[in-house]
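Asker: This is the structure I have questions about; it appears just below.
The values are calculated or read from the model by the stated rules, or taken from the named source; none is laboratory data. Computed from a prediction, not measured in an experiment: that's the story for all the values here. We place every Cβ from the backbone using ideal geometry, glycine too, and count neighbours over all the protein chains shown. Quick note on the areas: whole protein, heavy atoms, side chains included, nothing else; ligands and nucleic acids left out. Shrake-Rupley method; radii C 1.70, N 1.55, O 1.52, S 1.80 Å.
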Amino acid sequence: MRRLNRKKTLNLMKELDAFPKVPESYVETSASGGTVSLIAFTTIAFLTIMEFMVYRDTWMKYEYEVDKDFTSKLRINIDITVAMRCQYVGADVLDLAETMVASADGLIYEPVIFDLSPQQKEWQRMLQLIQSRLQEEHSLQDVIFKSAFKSASTALPPREDNSLQSPDACRIHGHLYVNKVAGNFHITVGKAIPHPRGHAHLAALVSHESYNFSHRIDHLSFGELIPGIINPLDGTEKIASDHNQMFQYFITIVPTKLHTYKISAETHQFSVTERERVINHAAGSHGVSGIFMKYDISSLMVTVTEEHMPFWQFLVRLCGIIGGIFSTTGILHGFGRFVAEVIFCRFRLRSYRSGLVPLPDGHTSNHLPLITDNSTH
């Protein structure tokens, strides 16, 4: 009984076989079929390698939503060098939500030399080249996101030469925490003096001839400091053409959550518009000499996520490549053989018709005349 059940089961499984086997004696091979098979296998191997490269690659997915976080503080990371002595300049933040000055106590004033060393100039030139490429090819930003924390730090390298020149500039660097509302970070002459009705800078003791707001922005970012991320103003250098000159940067900040396979951080992207003009009250150009960065925060938040092709999708695409190429090459091979047979049959038919012999009664005979010895004379 068990043997009968096994035989029935085996017979049932044989009937369900969707891949019937053809005896080798019934299989006919040809040179054209071998050529097509070789082309098919080569194409499958090439497309499989390309598909595997696509499977290994990742891409960035952007999602947008309303930013509902209004209670947290916004961090501003600053590294700016101004071509004036530290005792002549002051930096502070004016928060539009308050009438008093948010004191910039988290900043460090460091006397430095404004001119860069050869190694630092090479670093600045490379950074400016990257900035120009980012403006032309926006897709490079995804590469920077994916390579964060893997690339070298974007900070200005330390000075390698021991120059005996006395410091003629002031490096203002550090970070601040401000409210998540629009504000104005500025560097101008004199130290800030807060008072209930606003703020002012003590600039009476500084001569106008010593004004020089030529500056270099080595780094400016908002949010968490992420090594490897290049921001729009990094490497910017402005040379003042007049003592009384105003440099303005209008910045729009977009809160960004970055999730990659390497890091997960909350940072801020921003776009910037630049403007500069000479202060001349007689010509109607009013204002205060200095560097002004007016920032505003977007109400939208961007979530950037690094995604990868699932393995099951890779298998489906791979099966589609193999099956599709086999089917397509089989159809093309069959169609080619059909066309070749039609052409060959027509050629044989023409040869057969050209061998017909006409008879006296108007009929034709398909028997070719015999060539005898008499007919040759």
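Asker: Specify the residue that is nearest to Ser271 (Cα to Cα); the eligible residues are those in region 302-315 that are open to solvent by less than 30 Å² (accessible area, probe 1.4 Å) and not hydrophobic (A, V, I, L, M, F, W, C).
Answerer: Filtering first and then ranking leaves Thr303.
Asker: Suppose the filter is touching a helix residue (DSSP H, G or I) at 6+ places or on another chain (Cβ under 7 Å), at pLDDT 80 or above and open to solvent by 40 Å² or more (accessible area, probe 1.4 Å); does His259 pass it?
Answerer: no
Asker: For Gln248, work out the one condition from (1) of a type outside the set (D, E, K, R); (2) part of a loop (DSSP other than H, G, I, E, B); (3) surrounded by fewer than 19 Cβ atoms within 10 Å (Cβ to Cβ) it doesn't fulfil.
Answerer: Here Gln248 meets the rest and fails (2).
Asker: Could you check region 305-348 and list, in sequence order, the residues that are out of contact with any strand residue (DSSP E or B) (no Cβ under 7 Å at 6 or more places or on another chain) and not in a helix (DSSP H, G or I)?
Answerer: Met309, Pro310
Asker: Can you find a residue in region 79-93 that is over 19 Å from Ile321 (Cα atoms) and loosely packed, with under 12 Cβ neighbours inside 10 Å?
Answerer: Checked against the condition, which is being over 19 Å from Ile321 (Cα atoms) and loosely packed, with under 12 Cβ neighbours inside 10 Å, region 79-93 yields no hits at all.
Asker: I'm trying to understand the selection: among the residues of region 57-68, which are at pLDDT below 85 and open to solvent by 60 Å² or more (accessible area, probe 1.4 Å)?
Answerer: Asp57, Trp59, Lys68, listed by residue number.
Asker: State all residues of region 316-343 that are under 22 Å from Phe52 (Cβ atoms), open to solvent by 40 Å² or more (accessible area, probe 1.4 Å) and among the β-branched types (Val, Ile, Thr); if no residue qualifies, say none.
Answerer: Val316, Ile322, Thr328
Asker: Pairs only if they're at least six apart or on different chains, beta carbon under 7 angstrom, first in region 267-292 and outside the structural domain of Phe213 (by the TED database) and farther than 16 Å from Lys238 by Cβ, second at pLDDT below 85 and open to solvent by 30 Å² or more (accessible area, probe 1.4 Å); list them, first residue then second.
Answerer: From region 267-292, the pairs are Thr267/Glu224.
Asker: Could you check region 204-225 and list, in sequence order, the residues that are open to solvent by 10 Å² or more (accessible area, probe 1.4 Å) and part of a loop (DSSP other than H, G, I, E, B)?
Answerer: Of everything in region 204-225, those that are open to solvent by 10 Å² or more (accessible area, probe 1.4 Å) and part of a loop (DSSP other than H, G, I, E, B) turn out to be Ala204, Leu205, Val206, Ser207, Tyr211, Asn212, Glu224, Leu225.
Asker: Could you tell me which of the residues Pro310, Pro227, Pro255 is within 21 Å of Arg171 (Cα to Cα) and out of contact with any Cys (no Cβ under 6 Å at 6 or more places or on another chain)?
Answerer: Answer to the check: Pro227.
Asker: Of (1) in contact with a strand residue (DSSP E or B) (Cβ under 6 Å, 6 or more places away or on another chain); (2) at pLDDT 85 or above; (3) open to solvent by 40 Å² or more (accessible area, probe 1.4 Å), Ile239 satisfies all except one. Which?
Answerer: Failing condition for Ile239: (1).
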